[in-house]
Amino acid sequence: MDLRNESVVGLARQVRNGQLSASSLVDHALGQIAAHNPTLNAFVAVDPERARASAADVDAKVASGVDPGPLAGIPLGVKDLEDAAGYVTTHGSKAFAEGPTAASDSPLVARLVAAGCVVVGKTNTPELGWKAVTDNRAFGQTLNPWSLDHTPGGSSGGSAAAIASGMVPLATGSDGGGSIRIPSSCCGLSGMKPSLGRVPSGGPVAPDWHHLSTKGPLARTLADVVAALDVAVGPDPSDLRSLPRPEASWIAALDNPKPPRRVAWSPTLGYAEVDAEVLDICQRAVETMASLGTEVVEIDTVFDADPVGDWLALTGAYNLRTHAEVRGSRAWQGVDPILAAVIDAAASTSALDVVRAEDACHALNLRLVDLFHDVRLLMTPTVAAAPPLRSLDGAGMINGTADFNWVKFTYPFNMTRSPAASICAGLTSSGLPVGLQLVGPQHADIVVLRSAAALEEAIGFDAPAPFPPSSGD
């Protein structure tokens, strides 16, 4: 069995009908983690005993004729920014690494477990999920299965690397500035940032990045992502932002995926330089969309300027709140120095600055409202560079120049709360994945999913990551 060539839907079906035991599936995942995690560093904590006990519970339900759920037996990695019962939620930070274990699952993890998933461990993330590469002082760097010299992106890089390498077929992520879409692009996965509120972030503690971040699953294909989203979406009384459960079935929407009649293609959004090879690969994917009968309208400018300053004002304030008790303490010395500097700078941000940054979100959304009067979707590159070399310390190469802001296409759509997907458009000449982003109007998740699925099918990308080598190679 190679989980790089298996679907979540297919594996769960085999477990439910007794063709495959949850125990053997989880044992396989644990074996892959033991063999390959020392190289990739995708997982930061694994509990084989707990996972095997949970898998045995799934098998007992199948044996007794009880349906264990639509995701029966699926080994699940949980990003280390959210709770999984029995694990410490470290946030990728030395400041929290010695904290207590979580007494219960986050709402997302709880819903996936209720659907039959088996948590096998926690996946790596940059400290507080604050940057687009996955490394931290607590656990070190995560490597990209497509090239061990490159980053898998961030901040859900541990989850993406675990899936791309076949350690697990499903993992959780979160996206406050691109953290599902960026690693999906870097690791050749199909990813989806749902509309804010679709997947609840409730529980006993307020969300870290209140108005920017949404949680969601990562998997190889959109069909697998949607299978997990189908059990994850819906309201939670402890989340003030949570939306009602969608009336239409997202799974059924993929039965006959259709491209939209008219879409916009913006290669720069009006402010972002893009690496020429990345742009060429995305342009070919856009041409594939046009070949499906969709009218593509190229738009030079969507936003007048890069909104990164307002995004940083919000995220700086959120991270200041999260690290407020640590700042100035002995534990503060273990915080990433650049993150510490960002948080220190945020301490001088006024309440008026934060409200004005929220006003900027409103203005960005008004631009999209105008745009979506004319087209159904907006397409852009997911990121401006190929997956960066780890040696560049977070910078990406754009036309031969190192640029630390190589993720200029993702965070605007956190600010607008828009649904946005990334699908693999192809590989660079050096074999690195490149993603194309599809963005929809407010709450039009199903439009994004149906369109992205149609394009995913038309492109037909299905190559596995080269690490680990397949047996017999």
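3J(HN,Hα) along region 285-295: 5, 5, 5, 5, 4, 5, 5, 7, x, 8, 7 Hz, from the Karplus curve 6.51 cos²θ - 1.76 cosθ + 1.60 with θ = phi - 60°, whole Hz, x for Gly and Pro. Restricted to Cα atoms, region 368-473 shows a radius of gyration and a Dmax of 16.1, 55 angstrom. Remark on Ile398: its backbone amide H falls under 5 Å from those of Asp403, a criterion applied only to residues 5 or more positions apart or on other chains, H modelled at 1.01 Å from N. Over the residues of the chain, the helix contribution to mean residue ellipticity at 222 nm works out to -10500 deg cm²/dmol, using -39500 (n - 2.57) for each DSSP H run of at least 4.
In summary, the lysines within cross-link reach of Lys408, defined as a Cα separation below 29 angstrom excluding same-chain residues under 8 places away, comprise Lys79, Lys94, Lys122, Lys131, Lys193, Lys215, Lys258.
Short-range pairs are left out: with C-alpha atoms under 8 Å and at least six residues apart, the relative contact order of the chain is 17 percent. Note that region 234-241 has calculated 3J(HN,Hα) couplings of x, x, 9, x, 8, 10, 5, 9 Hz, one per residue in order, obtained from phi through the Karplus relation 6.51 cos²θ - 1.76 cosθ + 1.60 (θ = phi - 60°); glycine and proline are x. Note on region 3-459: antiparallel DSSP beta bridges, both residues inside, total approximately 65 percent of the bridges counted. Taking 20 °C and 1.002 mPa s as conditions, the chain diffuses translationally at an estimated 98 µm²/s according to Stokes-Einstein applied to its Kirkwood radius (Cα pairs). Converting phi to 3J(HN,Hα) with the Karplus coefficients 6.51, -1.76 and 1.60 and the offset θ = phi - 60°, region 9-26 yields 4, x, 5, 5, 5, 5, 5, 5, 9, x, 6, 9, 8, 4, 5, 5, 5, 5 Hz in sequence order, with x at every glycine or proline.
Quick note: the coordinates plus some simple rules give every number you see, no bench work behind them. Please read these numbers as outputs of a predicted model, since none were measured by experiment.
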